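Below: the structure, in C-alpha cells.
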Amino acid sequence: MNPARLSLRTLRARIRPGESALILLIVAADIAALPIAGCQRAPSATEAPAAEAKDKGAPEAEGVTLKPEEIEKAGIKTTALAAVTHAPESTGYALVTTRETIAQAVADLTSAAAVERQSRSALARARSLAGTPGAMPIEAQEAAERQAAVDHAAFVLAERRLSATYGQNSPWKENYNSPLLGSLARGETKLARVTFPLGALGSAVPTKLRLTHIGETQGSKSIDTLAVWSAPADATIPGKSFFAILNGGDANEGERLIAHAAVGAAENGVVVPYSAAVISAGKYWCYVEEKPGLFVRTEIDPNMPTDEGYFIKQGLEPGAQVVTTSAGQLLARETNPSTGAD
C-alpha cells in the first residue's frame, strides 16, 4: 500500500468533525514531496567546496596558469616595475619655425647696426674737426648728424622688429651677437612656437616642454627643450603661446608637433612598458605574474603616456612582475582556453 494513502487515511480518522480541511491539504502536500526529496543526489566531495564558495560569493579563479615548459616555449618574459614620479601633463601644438624668417631678421639687424656704426663714426669725426682748418662745412656736418639719426632709427626698428617677432624675454635679449641666435639663423638649432588652450597652464610659463611627432609610434623618444619664454599671441589659434629652443631631435622646419607641459604636483606610481599593454573589449590591460606560472590580467589607464610607457597611479605596486614579451599570447590563451601556448 502506498505510504502516502495510509497516512492520509489515518489522519482523516483522527480529525474530529468541524475541524478545518486546510490541515489535510498542507499535510498531504508535505507527504507527497517526501519521495521526491529523497531521490536527490548528495553533492560529491569535490562539488561541496565549490558550492559552498558560490553561496558565499567567493570570486572565481582568474588568469592563465602555465607550466614552466609552456612559459619557455611561448617566450614569456617579465619585468619588475620600478617606483617613479610623474606630473600630469597638458597638451598643445607646436610649429617648428623656418630659419628663413630668423635669418632675414638677423641680417636686417646686422646691416642696420653696421650702417649705424658707420654714420656715428662719421659724425664723431666731423665734430672732432670743428674749429680746425680741416673742419667740414656746416651743411656737411648737419647732413652727417641727420644721417646718423636716420641710421640709428633704422637700427632700433630692426631691433624692435626682432623683439616683437620672437618676444622680449628671449635668451638673446640685448645680445644680438649671441651664438644661439646665429645658430638659429643657420638652421643648426631649431625654434618652435607652441600654443596651449586657454586656461590649460594658468598664468605660469613652463620651464620645460616635451615635444613629440604627430602619429609617432609609442615608445619613440620625445624632444626636450633648452629654453622656454612667452611669445606674442597667435591670431589664428586661441590660446597662450610660447617659444621653445629644441634640444636636438629630428624635427624639420615647418613641421607640426604635439607639446606636453607638466601641470600640478608630481605623483607617485609606476610605468607599465608599452610592450606589456594589450587591448581587449576596448580597454587596456597588462598581465601580472602573481605567483610562479599564474598570470592575471589587470586593467591599466592609458591616459598618461610617457616616453617609456603608461604612468599608472593605482592598481599596480612597485616590484610587480609584468609580462613584457608575448603578452598577446596570454590574452589569446585566456580568451580561448583551447589555444596552446605556442
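The values are calculated or read from the model by the stated rules, or taken from the named source; none is laboratory data. Remember, predicted model here, so these are calculated numbers, not experimental data. Here the Cβ positions follow ideal geometry from the backbone for every residue, glycine too, while neighbour counts run over all protein chains shown. SASA here: full protein model, heavy atoms, side chains in, ligands and nucleic acids out. Shrake-Rupley method; radii C 1.70, N 1.55, O 1.52, S 1.80 Å.
Can you work out the Karplus-derived ³J(HN,Hα) for every residue in segment 62-77? Use 6.51 cos²θ - 1.76 cosθ + 1.60 with θ = phi - 60°, whole Hz, and x for glycine or proline.
10, x, 10, 10, 10, 7, x, 5, 5, 4, 5, 5, 7, x, 6, 10
Hey, can you grab everything whose amide H is under 5 Å from the amide H of Lys190? Only 5+ residues off in sequence or another chain; H modelled, so Pro and N-termini drop out.
Answer set, sorted by chain and number: Leu246, Gly248.
If you build the Cα gyration tensor of segment 227-291 and take the root of 5 times each eigenvalue, what three semi-axes come out, in whole angstrom, biggest first?
Details: eigenvalues 260, 51, 43 Å².
Equivalent ellipsoid semi-axes, largest first: 36, 16, 15 Å.
Starting at the first residue of segment 241-250, write each ³J(HN,Hα) from the Karplus equation 6.51 cos²θ - 1.76 cosθ + 1.60 with θ = phi - 60°, in whole Hz, x for Gly and Pro.
My calculation for segment 241-250 gives 10, 9, 9, 9, 8, 7, 8, x, x, 10 Hz in order.
Please list, ordered by chain and number, the residues whose modelled amide H lies under 5 Å from the amide H of Ala231; skip anything fewer than 5 residues away on the same chain.
Result for Ala231 returns Ser241, Phe242, Phe243.
Please list the non-local residues whose amide H lies under 5 Å from the amide H of Ala87, H modeled 1.01 Å from N, same-chain partners needing a gap of 5 or more.
Here Glu267 satisfy the definition.
In percent, what relative contact order does segment 203-247 have, based on Cα pairs under 8 Å that are 6 or more apart in sequence? Please report the intermediate quantities before stating the final value.
Working: 61 pairs, mean separation 15.9, N = 45.
Once divided by the residue count of segment 203-247, the mean separation gives 35 percent.
Which whole-Hz ³J(HN,Hα) couplings does segment 83-93 yield from phi under the Karplus relation 6.51 cos²θ - 1.76 cosθ + 1.60, θ = phi - 60°, glycine and proline marked x?
So the Karplus estimates, Gly and Pro as x, are 6, 9, 10, 8, 9, x, 10, 9, 10, x, 10 Hz.
Mean separation of Cα pairs under 8 Å and 6+ residues apart, divided by the residue count of segment 54-166: what relative contact order is that in percent?
Numbers: 40 pairs, mean separation 32.8, N = 113.
Once normalised by length, the contact order is 29 percent.
Relative to the Cα centre, what is the charge dipole magnitude of segment 229-342, using +1 at the beta carbon of each Lys and Arg, -1 at the beta carbon of each Asp and Glu, and rounding to the nearest 20 debye? Write out the running numbers ahead of the final one.
Details: 7 positive and 14 negative charges, 55 e Å.
The dipole magnitude comes to about 260 debye.
Out of the total accessible area of segment 209-289 (probe 1.4 Å, heavy atoms of protein only), what percent is carbon and sulfur? Please list the in-between numbers first.
Numbers: 2010 of 3840 Å².
Heavy-atom surface of segment 209-289 belonging to carbon and sulfur, 1.4 Å probe: 52 percent.
Which chymotrypsin sites (Phe, Trp or Tyr not before Pro) in segment 192-265 pass both tests, a DSSP loop state and at most 11 other beta-carbon atoms within 10 Å? Spell out each step's value before the answer.
Values: sites: Trp229, Phe242, Phe243; in loops: none.
Filter output for segment 192-265: empty list.
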